[in-house]
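See structure below.
Just so it is clear, none of the values below were taken in a lab; they were calculated from the coordinates. Keep in mind that what you see is a predicted model, and the values were worked out from it rather than measured. Methodologically, a virtual Cβ is constructed for each residue, glycine included, from the backbone with ideal geometry; neighbour enumeration extends over all protein chains shown.
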Amino acid sequence: MVGGGPGAFIGPVHRMAAELDGRLKLVAGAFSRDAAKSAAAGQAWGARAYGDFREMIAAEAGRDDGAEVVAIVTPNHLHFEPAAAALKAGLHVMSDKPATLNLAQARELAGIVAASGRLYGLTHVYTGYPMVREAREIVRRGDLGAVRKVVVEYPQGWLSEPIEQGGDKQAMWRADPAQSGVGGCIGDIGTHAFNLAEFVSGLAVERICADVAAVVPGRVLDDDCNVLLRFAGGARGVLIASQISAGARNGVSLKVYGEKGGLTWRHERATELTVDWLHAPTQILHAASPYLSGSALAGARIPTGHPEGFIEAFANLYRDFATAVAEGRVSADPVPGIEAGVRTMAFVETAVAASRAGEGWVALEGAAACAR
């Protein structure tokens, strides 16, 4: 693991999720840029600790019992270098999103992944929820008919005040272009919304019309995003991502409408999927129920009616990735890969630039390479 030491939010989530199913074990880490903190974390977790990722990768690649997969759980600006170094050393990589700090790095990393022959995965966690995978299967089977409209929302309210100016660690790096990149909210949670829309619909976004803004006075990066989408095949869509929606917590939701009906998934009721039919009664599908697809059932660990959530969704991604590594597969599908990483970085940079220039509708690069 690179990152995830004392004071981290997402690092412990990755660690718990990776080990949940007994398919992976944390054996080593460069947990902090502070060597003493890294050593303390390693001692607490029973793992070999290193002072930096370069030292760790070199040492682990040379051990008979060394690490096989490197998990990267750092701020955005520290994603590319450890991923590239690990792949070149023959290790597989699971990275927190977004893939890189910018689109140029994402393109370069795609070339490194291809040359390495190793697997690369992105922890777009919402793709790990069983009922999101069920939604994907419903669309893929054609149950809804041709997709006509996609609406994805991700409202949060935790940055409604300038808490980065008061020293909040999680807010500080997200508000800093040097660490976050050109996108603030759009890079942090807008990438999740974009990936979720493409993952379930199976369609690539071809054109966007973006309004990306910094609402809180003094904030450099955006904290509110509203983007119109046009998908391949003609479907329309709306993406809303906001971190200044006061009172909102983590209200991810997705709606996909086809010719025959529509489906709705909400993160706050993650074990349910609602399907509204044009000429039939509404259905509410429940996680772990025997009538679900194999993809959805594979993601459930406990009987229907027992809620599973965030860590388990992360764990599904790690379990799928570990299975792909063990089987020597060339893809870890349905875990999002480097193609999704390039797509989301293109979305971020295109939306931010177009919004600043007031360009209206613009083409999104690489539309033919859908996240699926």
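With the Cα gyration tensor of segment 123-208 giving a ≥ b ≥ c as the square roots of its eigenvalues, does the rule (a/c under 1.5 for rounded; else a/b larger than b/c for prolate; else oblate) give rounded, prolate or oblate?
It is prolate, given that a/c is not under 1.5 and a/b is the larger ratio.
Student exercise: in the chain, how many lysine pairs 8 or more apart or on different chains have Cα atoms under 26 Å apart?
11
Would you grab the residues whose amide H sits under 5 Å from the one on M94? Only those 5+ places off in sequence or on another chain, please, with H modelled 1.01 Å from N.
Distant-sequence amide H within range of M94: V70, A71, I72, G121.
Rounded to the nearest 500, what is the 222 nm mean residue ellipticity of the chain from helices alone, with -39500 (n - 2.57) per DSSP H run of 4+ residues and division by all residues?
Result for the chain, helices only: -10500 deg cm²/dmol.
Residue separation times 0.36 nm, minus the C-alpha to C-alpha distance between R236 and R207: what's the value?
Stretched out fully, the R236 to R207 stretch lengthens by 9.5 nm.
For the chain, what value does the Rg/Rh ratio take when both radii are computed over Cα atoms and Rh is the Kirkwood radius, given to two decimals?
0.96
Excluding the sites themselves, what is the longest stretch of the chain that contains no chymotrypsin sites (Phe, Trp or Tyr not before Pro) in a DSSP loop with at most 13 other C-beta atoms within 10 Å?
That would be 10-290.
Is there a quick way to get the dipole size of segment 14-82? I mean about its Cα centre, with the Cβ of Lys and Arg at +1 and of Asp and Glu at -1; what is the value in debye to the nearest 20?
So the dipole magnitude of segment 14-82 works out to roughly 180 debye.
Karplus couplings for segment 41-47 from phi (6.51 cos²θ - 1.76 cosθ + 1.60, θ = phi - 60°), rounded to Hz, Gly and Pro as x?
Listing the rounded values in order: 5, x, 5, 5, 9, x, 10 Hz.
How big is the C-alpha Rg of segment 10-118 next to the rule-of-thumb value 2.2 N^0.38 Å, as a ratio?
The reported ratio for this selection is 1.03.
Give me, ordered by chain and number, the residues 5 or more places off E206 or on other chains with an amide H under 5 Å from its own placed amide H.
Here the answer is R230, F231, A232, since their amide H atoms fall under 5 Å of that of E206.
What ranking of E339, E268 emerges when the number of other C-beta atoms within 10 Å of each C-beta is taken as an exposure proxy, fewest first?
E268, E339
Calculate, in nm to one decimal, what F9 and E268 gain on full extension: separation in residues at 0.36 nm each, minus their alpha carbon distance.
91.3 nm
Given R₀ = 41 Å, what would the calculated FRET efficiency be for A363 paired with E55, taking r from the Cβ atoms and rounding to 0.05?
Between A363 and E55 the formula returns 0.40.
Starting from the 7 Å offset along Cα-to-Cβ, what nm value, one decimal, do you get for the label separation of L228 and S295?
Placing both labels 7 Å beyond Cα along the Cβ direction yields 3.0 nm.
Applying the Karplus parametrisation 6.51 cos²θ - 1.76 cosθ + 1.60 with θ = phi - 60° to the phi angles of segment 83-100, what ³J(HN,Hα) value in whole Hz is obtained for each residue in order, glycine and proline being reported as x?
5, 4, 5, 5, 4, 5, 8, x, 9, 7, 9, 10, 10, 5, 8, x, 4, 8
Specify the inter-centroid distance of segment 295-339 and segment 17-73, based on alpha-carbon positions, in whole Å.
The distance from the Cα centre of segment 295-339 to that of segment 17-73 comes to 22 Å.
Take every Cα-Cα distance within segment 255-312, group them into 10 Å bins from 0 onward, and report for each bin the whole-number percent of pairs it holds.
Taking all Cα pairs of segment 255-312, the binned fractions are 22, 50, 25, 3 percent.
List, in order, the whole-Hz ³J(HN,Hα) value for each residue of segment 121-129 obtained from phi through the Karplus relation with A = 6.51, B = -1.76, C = 1.60 and θ = phi - 60°; use x for Gly and Pro.
Result, ordered by residue: x, 10, 8, 6, 4, 5, 6, x, 6 Hz.
With +1 on the Cβ of every Lys and Arg and -1 on the Cβ of every Asp and Glu, and nothing else charged, how large is the dipole of the chain about its Cα centre, in debye rounded to the nearest 20?
Computed charge dipole of the chain: roughly 500 debye.
What length, rounded to one decimal in nm, is gained on full extension from A326 through to N250, with 0.36 nm per residue of separation minus their alpha-carbon distance?
Stretched out fully, the A326 to N250 stretch lengthens by 24.0 nm.
Pick out, from L87, L101, V69, the residue whose Cα sits farthest towards the positive end of the charge dipole of segment 10-118, with +1 on the Cβ of Lys and Arg and -1 on the Cβ of Asp and Glu.
L101
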